[in-house]
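Report on the following structure.
The values are calculated or read from the model by the stated rules, or taken from the named source; none is laboratory data. Everything numeric here is computed off the predicted structure, so don't read it as measured data. A quick note on method: Cβ atoms are made from the backbone with ideal geometry, for glycine too, and the neighbour counts reach across all protein chains shown. Surface areas here come from the heavy atoms of the whole protein model, side chains and all, with no ligands, DNA or RNA. Shrake-Rupley method; radii C 1.70, N 1.55, O 1.52, S 1.80 Å.
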Amino acid sequence: FPIFFFFPGKCGSCGPGYASPLDAMKGPREEIIYVPCIYRNTGRKIPDFLATVDVDPKSPCYSQVIHRLPMPNVGDELHHSGWNACSSCHGDPTKSRRFLVLPGLVSSRIYIVDVATEPRAPRLHKVVNPEDVFWKCNLGYPHTSHCLGSGEVMISTLGDPAGNGKGGFILLDAETFEVKGTWERGQEVPPMGYDFWYQPRHNVLISTEWGVPKCLGYGFDPNDLGKGRYGRRLNVWDWSSHRYVQAIDVGEDSAPLEIRFLHDPDASQGFVGCTIGSAIHRFYRTQRGDWAAEKVIQVPPKKVEGWLLPEMPGFITDILISLDDRFLYFSNWLHGDVRQYDISEPRRPRLVGQVFVGGSIARGGPVRVLQDPELPQQPEPFVIQGKKIPGGPQMLQLSLDGRRLYVTTSLYSAWDRQFYPELIR
C-alpha cells in the first residue's frame with residue numbers, strides 16, 4: 001500500500017480544493033481514502049489495483065476495503081498519484097477534482113481514474129500508453145503528479161525510455177489527458193529525477209533525485225554506492241521560463257526523495273528527506289536570490305548483525321508538513337519509526353513524537369542491534385488485532401485537520417522483496 005489520497009469534500013460554487021491551507025484544516029473529515037496496491041514482484045501475475053477504504057468511524061464498513069479497481073495490465077508498479085485539479089484552481093468554478101492520476105512507475109503507463117461518478121467505486125476513465133510518453137517526451141518512469149493552475153497535469157520522471165537517469169516533466173491536458181509534451185525548456189536537464197514542488201510566488205520549482213531506473217529495478221545493491229547511480233542534488237528550475245538554473249549538492253548517494261515547501265504561500269523554505277543519507281535538509285532562498293540547503297536532522301545508523309550491512313540507516317522515505325506549518329513528519333522505513341518534529345523554528349526542528357510501526361529492528365526478529373545511540377532496547381513488534389504487521393512505515397498522509405496520520409508499508413516492490421520478504425508474501 002504505497003500511497004493514498006483522500007476524497008475531498010464539496011466547496012459550493014468555488015473551484016476545487018480550498019482558498020488556503022488554514023481553510024483546508026477546517027474542511028470535513030475524510031470518509032474514504034484511495035490506496036494503490038501492488039502485485040508486481042509477488043509472483044502473482046495479476047494487475048495492481050486501486051483500493052477504496054472506508055475510514056468513517058460511523059460506518060459499518062469502517063477500516064475495510066469496500067472496492068477494488070484492477071488495472072487492465074500486469075506489472076505497472078503504481079506508486080505516487082495526484083489529482084486532475086487542485087487548490088491552484090480554487091477560484092475557477094468550472095474546474096472540479098474528478099479524476100485521480102495514477103502513473104505506473106515501471107510500465108510508464110498513466111491511468112486516469114474517475115472518482116466523481118461513484119466515489120466509493122471508482123472506474124477507469126482513460127489509459128495513457130507508454131508509447132505516447134516515450135515518443136512525445138523522450139521520458140519514462142513517471143513518478144509525482146501535480147495539477148497546475150494552467151489546466152494541465154505535470155508529472156516528474158526518473159529517466160528516459162531506456163532506463164537511463166534523466167530529470168524531466170510530462171505535461172498532460174487536464175481535460176482530455178492527452179500528452180502535450182515536456183514542461184522543461186532548454187538543453188540542460190538534471191541527471192536524475194523523482195519528486196518536485198513548485199512555488200510560483202518565488203518563481204521556482206525544485207525537484208529531487210532518487211537514482212538510475214535500470215539500477216533501481218533489481219533492488220538495492222551497496223556496490224552501486226560511490227558510482228553516481230544514486231542522486232545527490234536538489235535541482236532548481238525557473239518557474240516562468242521552465243529552465244534548469246541551479247543544483248544544490250546534499251551529499252553523495254544521499255538520495256533526496258520527498259520535498260515539501262512550507263504551506264504558507266509566501267514562505268521561501270521547506271524540507272527534503274534524504275533516504276540513504278537518513279537526513280532532513282532545510283532548503284531556503286538566500287539573500288542573493290539563489291537557493292541553498294542545510295542539514296537540520298540526522299538519524300544515526302544502528303550497528304547490527306544479521307542484516308545486509310553492519311550498520312543500518314534509518315532510510316527516510318516520506319516526509320510531510322502539517323497544513324499550519326507546525327509539524328514535520330517523516331518515516332524511517334528500515335528502523336520502523338514515524339517521527340514528529342516541531343518546526344516553529346525551521347532551522348532547529350525539535351523531536352516531539354515518535355512511534356514504531358514495524359521495521360527491521362523489532363525484538364524477536366533476525367536482526368540484533370549491537371549499538372544504538374538513541375534507544376535503550378529494540379522496540380516491540382507491531383501487532384494489530386493479533387497480526388504482526390510486516391514491513392516498515394513508508395508513505396504518510398495527514399488528515400486535513402492534522403489529527404490523524406495514515407501510514408502505509410510498501411516502498412517499491414523490488415526493494416520490498418529484498419528487505420521485507422514477509423511483506424511480499
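I need every pair where a residue in segment 64-86 that is in a strand (DSSP E or B) has its Cβ under 7 Å from the Cβ of a residue that is crowded, with 21+ Cβ neighbours inside 10 Å and small (Gly, Ala, Ser), sequence separation at least 6 or different chains. Hits for this filter: 78/104; 82/145.
Restrict the check to segment 69-78 and report whether at least one residue is surrounded by 15 or more Cβ atoms within 10 Å (Cβ to Cβ) and within 20 Å of residue 182 (Cα to Cα). For segment 69-78, residues surrounded by 15 or more Cβ atoms within 10 Å (Cβ to Cβ) and within 20 Å of residue 182 (Cα to Cα): absent.
Does segment 345-369 hold any residues that are assigned to a loop (DSSP other than H, G, I, E, B) and either over 17 Å from residue 392 (Cβ atoms) or free of Cβ contacts under 8 Å to residues at least 12 places away in the same chain (or both), and which are they? Residues satisfying the conditions are 345, 346, 347, 348, 349.
Quick check: anything in segment 163-174 of a type in the set (A, V, I, L, M) and over 20 Å from the mean Cα position of the chain (by Cα)?
The initial filter retains those residues of segment 163-174 that are of a type in the set (A, V, I, L, M), namely 170-172, 174.
If we keep only those that are over 20 Å from the mean Cα position of the chain (by Cα) too, we end up with 174.
For segment 163-174, residues of a type in the set (A, V, I, L, M) and over 20 Å from the mean Cα position of the chain (by Cα): present.
Consider segment 159-197 and keep the residues that are open to solvent by less than 50 Å² (accessible area, probe 1.4 Å) and acidic (Asp, Glu). The one that is nearest to residue 260 (Cα to Cα) is 195. Of the residues making up segment 230-238, one or more are closer than 22 Å to residue 348 by Cα, in a strand (DSSP E or B), modelled with pLDDT of 95 or more and open to solvent by less than 10 Å² (accessible area, probe 1.4 Å). Scanning segment 284-315 for residues that are farther than 21 Å from residue 249 by Cα, crowded, with 20+ Cβ neighbours inside 10 Å and of a type in the set (A, V, I, L, M) turns up 304, 312.
Residues that are farther than 19 Å from residue 319 by Cα, small (Gly, Ala, Ser) and in contact (Cβ under 8 Å) with a residue 60 or more places away in the chain within segment 222-271 are absent altogether. Residue pairs whose Cβ atoms lie under 7 Å apart, sitting 6 or more positions apart in sequence or on different chains, and linking a residue in segment 22-43 that is in the same structural domain as residue 79 (by the TED database) and outside any loop (DSSP other than H, G, I, E, B) to a partner that is modelled with pLDDT under 90 and open to solvent by less than 40 Å² (accessible area, probe 1.4 Å), are 33/4; 33/5; 33/6; 34/4; 34/5; 35/4; 36/2; 36/3.
Can residue 26 be described as open to solvent by 30 Å² or more (accessible area, probe 1.4 Å) and modelled with pLDDT under 95?
On the way: open to solvent by 30 Å² or more (accessible area, probe 1.4 Å): yes; modelled with pLDDT under 95: yes.
When the stated conditions are applied, residue 26 passes them.
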